[in-house]
Amino acid sequence: MSSDLSIEKRFENGNAYMIAGTQIAAGIPPADGQYLVYNVNTNQWEYSVLKIAGIPVQTGTPTDGQQLQYSLVNNQWEFVT
């Protein structure tokens with residue numbers, strides 16, 4: 001067992017600090033619709049939004065038959081019928 005407490009600290013007070021031994025980014029809590037993405041440059045898990053080609057996707061749930069279409073006005077992929 002390592003004596004480095006930062007490595008051993010994985011869960012405390014209802015908060016996870018590591019996943020599979022890899023640090024989770026500290027700071028601002030996640031917003032609705034975000035998920036964790038591994039960043040090889042910082043060697044940690046970070047909060048992110050879904051993106052396609054670097055462009056965010058509209059939050060929410062599409063309905064049956066909708067497709068994604070890029071909106072230049074909103075600079076995001078949006079659900080359209």
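Scanning the range 49-69 for residues that are surrounded by 15 or more Cβ atoms within 10 Å (Cβ to Cβ) and either at pLDDT 95 or above or not in a loop (DSSP other than H, G, I, E, B) (or both) turns up Pro56, Val57.
Screening the range 13-48 for residues that are of a type in the set (A, V, I, L, M) and assigned to a loop (DSSP other than H, G, I, E, B) and picking the one that is farthest from Phe79 (Cα to Cα) gives Ala20.
Restricting attention to the range 23-42, and to residues there that are among the polar types (S, T, N, Q) and in contact with a strand residue (DSSP E or B) (Cβ under 7 Å, 6 or more places away or on another chain), which single residue is modelled with the lowest pLDDT? Applying the filter and picking the extreme gives Gln34.
The values are calculated or read from the model by the stated rules, or taken from the named source; none is laboratory data. From a predicted model like this one, the values you see are computed outputs, not experimental measurements. Counting neighbours? That spans all protein chains shown, and the Cβs are built from the backbone with ideal geometry, glycine included.
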